[in-house]
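The values are calculated or read from the model by the stated rules, or taken from the named source; none is laboratory data. Please read these numbers as outputs of a predicted model, since none were measured by experiment. Cβ: placed from backbone, ideal geometry, glycine included. Neighbour counts: every protein chain shown. All accessible areas refer to the heavy atoms of the entire protein, side chains included, with ligands and DNA or RNA removed. Shrake-Rupley method; radii C 1.70, N 1.55, O 1.52, S 1.80 Å.
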Amino acid sequence: MRFRAEGIVFKGLPFGEADMIMTIFTRQKGFVRAFAKSPRKTKSRFGSALEPFTYLRITLWGKENAELPKLIQADIVHPFQKLREGLECFLRVSEIFEMTSMLIPEHDQQERLFDILLNTLKMLEADCINSKAALCYKVKMLEAAGFTPRLGSCGRCGAMGRKFYFREGSVLCDDCGDQNNYFDLSLGAIRLFETLRLWDWNKLNRVVPTHSLTEELGRLIDLHIKYRIEKGLKTRDFIEKIRP
Ligand SMILES: [Zn+2]
């Protein structure tokens, strides 16, 4: 059957002589992988549509819930070309995608997160150094993935605490924590996190945190995500499995 979707290209892996296996984050089905015939040939009908971060309208062909449907059409809605032009910007956006693809399972429909990602890419296209945009996205992405860190109170007894323990995914108070391997948080960073977590995405442009609070909370969030990913959340490598 034929299936249409909106999607953002995450990455493509070369397959055989000229084919690609594309990973695309779609509004309708979350992350999907699709087989693209000959996009690496110069006269490919896909043109530049399969460049990373390109926002597309795609048509897939395959049995319902096929593991690897065929990509038969890809029309560019917005190229997000600026995000690929500078190395620093490219790496920043790649990191966001990498984290998302590791925490959100394949075929997990995430319509709201898709819109938030699209919005974040627009903000980064206008200003790639915008560390608040990336931080807001990561907080909302963690919520969608079910890995929101607990910063509001001690994860064991509910008392106040400012020491974040990665293995707990939570702050612990001084009575509950063992004082090993924690991240000391300022009250300002905790308040900023609670605002980003609780406020609706559309209102977050009203939040104007200081540079140092954005940096501090950004560091904590990145470490928390890395810890969660290293704990084995990486999806198994599908390409390895199907390679002859
Ligand atoms: Zn406690």
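Key figures for this structure:
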read-out: Members of the range 157-174 found to be within 14 Å of the ligand (Cβ to nearest atom) and hydrophobic (A, V, I, L, M, F, W, C), listed by number; value: Cys157, Ala159, Met160, Phe164, Val171, Leu172, Cys173
read-out: Any hit, the range 85-92, residues being surrounded by 17 or more Cβ atoms within 10 Å (Cβ to Cβ), farther than 17 Å from Ile58 by Cα and either of a type outside the set (Phe, Trp, Tyr) or assigned by TED's automatic domain parsing to the domain that holds Met22 (or both); value: yes
read-out: Restricting the range 139-151 to residues that are open to solvent by 10 Å² or more (accessible area, probe 1.4 Å) and touching a Gly at 6+ places or on another chain (Cβ under 8 Å), the residue that is nearest to the ligand (Cβ to nearest atom); value: Arg150
read-out: From Lys163, Lys203, residue being open to solvent by 70 Å² or more (accessible area, probe 1.4 Å) and either of a type outside the set (Gly, Ala, Ser) or at negative phi (or both); value: Lys203
read-out: The range 58-78 residues that are touching a residue at least 40 places away in the same chain (Cβ under 8 Å) and hydrophobic (A, V, I, L, M, F, W, C), paired with ones that are exposed (fewer than 14 other Cβ atoms within 10 Å of the Cβ) and not in a loop (DSSP other than H, G, I, E, B) (beta carbon under 6 Å, 6 or more apart); value: Trp61/Arg2; Trp61/Lys70
read-out: Only one of Cys128, Cys154 that is within 16 Å of the ligand (Cβ to nearest atom) and either more than 13 Å from Leu204 (Cβ to Cβ) or among the β-branched types (Val, Ile, Thr) (or both); value: Cys154
read-out: Members of the range 175-195 that are of a type in the set (Asp, Glu), within 13 Å of the ligand (Cβ to nearest atom) and at pLDDT 95 or above; value: Asp175
read-out: Residue identified as surrounded by 21 or more Cβ atoms within 10 Å (Cβ to Cβ) and free of Cβ contacts under 8 Å to residues at least 40 places away in the same chain among Leu124, Leu113, Leu135; value: Leu113
read-out: Yes/no for Arg219 being within 20 Å of Leu142 (Cβ to Cβ), in contact with a strand residue (DSSP E or B) (Cβ under 9 Å, 6 or more places away or on another chain) and open to solvent by 60 Å² or more (accessible area, probe 1.4 Å); value: yes
